[in-house]
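The values are calculated or read from the model by the stated rules, or taken from the named source; none is laboratory data. Just so we're clear, the structure is a prediction, and the values are computed from it rather than from any experiment. Backbone-built Cβ (ideal geometry, glycine too); neighbour counts: all protein chains shown. Ligands, DNA and RNA are excluded from the accessible area calculation, which covers all protein heavy atoms including side chains. Shrake-Rupley method; radii C 1.70, N 1.55, O 1.52, S 1.80 Å.
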Amino acid sequence: MTARYRNEAETLGRLAEKDVELVADAHALAEAVPGDDPLAVLDAASAITTAIARVKDRLAERQALLL
């Protein structure tokens, strides 16, 4: 039996924490996209790219908890 299953409550708690962080990062990504004006989106490209990277990192962290 893996440690993950032996420590189910701890694992679930850590997953819940990552989920909260993931939601916050997803919200930040949505906020970084300034509507549907293509020029504004281009101006915000750096912030959008950073926000996407944070979401990807958070997803990887969450996935690592399940391995």
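For region 7-32, filtered to residues that are among the charged types (D, E, K, R) and closer than 14 Å to A64 by Cα, the residue that is least open to solvent (accessible area, probe 1.4 Å) is K18. The lone criterion from (1) assigned to a helix (DSSP H, G or I); (2) at pLDDT below 90 left unmet by T50 is number (2). Scanning region 33-67 for residues that are surrounded by 11 or more Cβ atoms within 10 Å (Cβ to Cβ) and in contact (Cβ under 8 Å) with a residue 40 or more places away in the chain yields a count of 4.
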